[in-house]
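Chemist: A single structure is presented below for examination.
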Amino acid sequence: MNIFIVDLKHQPGELAKAAEAIAQKGIDITAFSGVTCGGSGTVALLTNDDVGARRALSDAGYRARELEVVTTTIDNAPGTLAKTARKLADAGISIEAAMPTAMSGGKVTLAFATDNPTKAQSVLGSREPVGVGAR
C-alpha cells in the first residue's frame, strides 16, 4: 500500500479538485490528512487502488510523491504515539507522513510512510489492523 503526497495551493477548491480527479476514476480515498502553511498545502492520501490513483493524479496534472506505508496497531491511549515514534527515531528512521486508518475497541491502526519501510516494519512488527476500514 502506498501513500500519495500532493502539494496544493492554499485556496478554496484545491482539495476538492484532487479528490474529484481520483473519484472520477472510481477510486476510493480510504484515508487522508492535510495541512497548510502560507500559500501552499500538502495532502497525503491512501486509496484502494495505487495504480489508478497514480494515473488519476498524473492525468489531472498533479505531481505526487509516492511512498510505501507500514501499518501498526497501537492502544488508543496517551503516550502510545510518542512511544511508537520514538521506536522509529531510535532506529534512525525518518517519518515522512503518518495517519490513522482505523479505530476500534481502544486500538488505532496507523499508517507510516518512512524513508526505510522495510526497517520500519521490522521495528514496528506485524500487528493486525483494526476496524472496518482496516487493510
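None of the figures in this text is laboratory data; all of them are computed from the coordinates on show. Computed from a predicted structure; not experimentally measured. Counting neighbours? That spans all protein chains shown, and the Cβs are built from the backbone with ideal geometry, glycine included.
Chemist: Would any residue of region 34-52 have its amide N under 20 Å from a label point 7 Å out along Cα→Cβ of HIS10? List them or say none.
Modeler: 34-45
Chemist: Given the rule -39500 (n - 2.57) for each run of at least 4 DSSP H residues, summed and divided by the residues of the chain, what is its mean residue ellipticity at 222 nm, to the nearest 500 deg cm²/dmol?
Modeler: It lands at -8500 deg cm²/dmol.
Chemist: How large is the direction-averaged shadow of the alpha-carbon convex hull of region 68-124, in nm²?
Modeler: Dividing the Cα hull surface by four gives the mean projection, 3.4 nm².
Chemist: Starting at the first residue of region 4-21, write each ³J(HN,Hα) from the Karplus equation 6.51 cos²θ - 1.76 cosθ + 1.60 with θ = phi - 60°, in whole Hz, x for Gly and Pro.
Modeler: So the J values, rounded to whole Hz, are 10, 10, 10, 7, 10, 6, 8, 8, x, x, 5, 5, 4, 4, 5, 5, 5, 4.
Chemist: Shifting gears a bit: What's the lysine pair count for the chain at a Cα cut-off below 15 Å, pairs eight or more apart or interchain?
Modeler: Counting lysine pairs in the chain gives 4.
Chemist: Calculate how large, on average over all directions, the projected area of the Cα convex hull of the chain is; give the answer in nm² to one decimal.
Modeler: So the mean shadow area of the Cα hull is 8.6 nm².
Chemist: Using a Förster distance of 22 Å, how high is the FRET efficiency between ALA91 and GLU68, based on the Cβ-Cβ distance and rounded to 0.05?
Modeler: 0.85
Chemist: Give the relative contact order (percent, whole number) for the chain; include only Cα pairs under 8 Å separated by 6+ residues.
Modeler: Reported relative contact order: 24 percent.
Chemist: Right, something else. Give me the extension gain from ARG55 to ALA77: residue separation times 0.36 nm, minus the current Cα-Cα distance, reported in nm with one decimal.
Modeler: The ARG55-ALA77 span can extend by a further 4.1 nm.
Chemist: Whose amide H sits under 5 Å from the amide H of THR101, counting only residues 5 or more places off or on another chain, with H placed in the peptide plane?
Modeler: So THR101 has HN proximity to THR109, LEU110, ALA111.
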